[in-house]
Amino acid sequence: KAAWVSEVSGASTVALDDELKLVVSFPVNNGCGQFNQFIESVNGNEISIEVEAIYDTCSMCTMDIPTRTATYTFKAETEGSYTLKFKSSETEFITKTITVN
């Protein structure tokens, strides 16, 4: 199930061929919700990213809405400016511009 991103933190520049790690925060619907995967859609230097949460069948799920974090790793093969768009609602994104030198 899609989980909307609430915050993205980390550096905005990275050297070519190095990995940049961003911390992505997102709320889940209950205490059983966990990070499953990032779903990416690439269009040139623009990458749209959606978080997919998984709800395992646990014996007791708390009814709170906890915020989870996951590490998104970005690595570019060419220098330039990249726009990472993390889906924060059905129609909105948290945008992070990354410069690769």
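Brief remarks on what is shown
- In the context of the full set of protein chains, residues of the chain present 59 Å² of accessible surface per residue (probe radius 1.4 Å, heavy atoms only).
- Only Lys, Arg (+1) and Asp, Glu (-1) charged, at Cβ; the chain dipole about Cα centre in debye: 220
- Pairwise label distance in nanometres, K1 with N45, each label 7 Å out on the Cα-Cβ vector: 3.8
- Positive end of the dipole of the chain (Cβ unit charges, origin at the Cα centre): among S12, S25, V51, the Cα lying farthest that way belongs to S25.
- Close amide-amide hydrogen proximity is noted between R68 and F26, V28, each under 5 Å apart and 5 or more residues distant or on a separate chain (H modeled in the peptide plane; Pro and chain starts excluded).
- Sorted largest first, extent of the range 61-101 alpha carbons per principal axis (Å): 45, 22, 11
- Each Lys or Arg adds one and each Asp or Glu subtracts one; over the other residues with Cβ under 15 Å from the Cβ of V51, this totals -1.
- All-pairs Cα distance distribution in the chain, expressed in whole percent, bin size 10 Å: 16, 45, 26, 11, 2
- What the Cβ-Cβ distance of Y55 and S81 gives, at R0 = 22 Å and to the nearest 0.05, is a FRET efficiency of 0.05.
- Rounded percent of accessible protein surface that carbon and sulfur make up, the range 34-101, 1.4 Å probe: 46
The values are calculated or read from the model by the stated rules, or taken from the named source; none is laboratory data. What you see is a predicted model; the values in this text were computed from it and never measured. Positions of Cβ are generated from backbone atoms using ideal geometry, with glycine treated the same way; all protein chains shown enter the neighbour counts. When the accessible area is computed, the model is the full protein with side chains, heavy atoms only, and any ligands, DNA or RNA have been set aside. Shrake-Rupley method; radii C 1.70, N 1.55, O 1.52, S 1.80 Å.
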